[in-house]
Amino acid sequence: MKNEGKKNIIFIIAAVAFCIVFSGNIYSSIQSYKYRRLCSEYREQLIATENANRELTDRIGRVAEITGRIKETTDANITDARGIIETVERLRAEIKELEDCCGSFNQSEYYQYWDNIYDLE
């Protein structure tokens, strides 16, 4: 009878140990799933950020190119009215291109604003 009681105690201890290990394994699997999902979300955000960064780098390069052309246009030596008109038109086109590169821009509203300013003076 004493032997049977010891066997029961050992069986109960083994069953409890098995339950603890099994539940720990389930908990670990759940945590692992959560972390994999979170890692996947972070990876997607990283890819989106890299794409945005690449796009901004390209845009900054384009802005630098356009502003270089604007500088060349403003540094031009103008000697007559025709040269002034051509330079102003060239500047308008370059500024429009710069605004398009930088984001939304409504050309008609922009020039209407400046035309109204000059008409009021």
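Scanning region 63-109 for residues that are touching an Asp or Glu at 6+ places or on another chain (Cβ under 6 Å), part of a helix (DSSP H, G or I) and open to solvent by less than 60 Å² (accessible area, probe 1.4 Å) turns up 66, 70. So, residue 112, is that one open to solvent by 90 Å² or more (accessible area, probe 1.4 Å), modelled with pLDDT of 90 or more and not hydrophobic (A, V, I, L, M, F, W, C) or not? Here the answer is no, as residue 112 does not meet what is asked.
Check region 50-62 and report whether any residue there is in contact with a helix residue (DSSP H, G or I) (Cβ under 8 Å, 6 or more places away or on another chain) and either surrounded by 10 or more Cβ atoms within 10 Å (Cβ to Cβ) or not in a helix (DSSP H, G or I) (or both). Looking through region 50-62, at least one residue is in contact with a helix residue (DSSP H, G or I) (Cβ under 8 Å, 6 or more places away or on another chain) and either surrounded by 10 or more Cβ atoms within 10 Å (Cβ to Cβ) or not in a helix (DSSP H, G or I) (or both).
The values are calculated or read from the model by the stated rules, or taken from the named source; none is laboratory data. This one's a predicted model, so the numbers in the text were calculated from it and none came from an experiment. Note that we place each Cβ from the backbone using ideal geometry, even for glycine, and neighbour counts take in every protein chain shown. Surface areas here come from the heavy atoms of the whole protein model, side chains and all, with no ligands, DNA or RNA. Shrake-Rupley method; radii C 1.70, N 1.55, O 1.52, S 1.80 Å.
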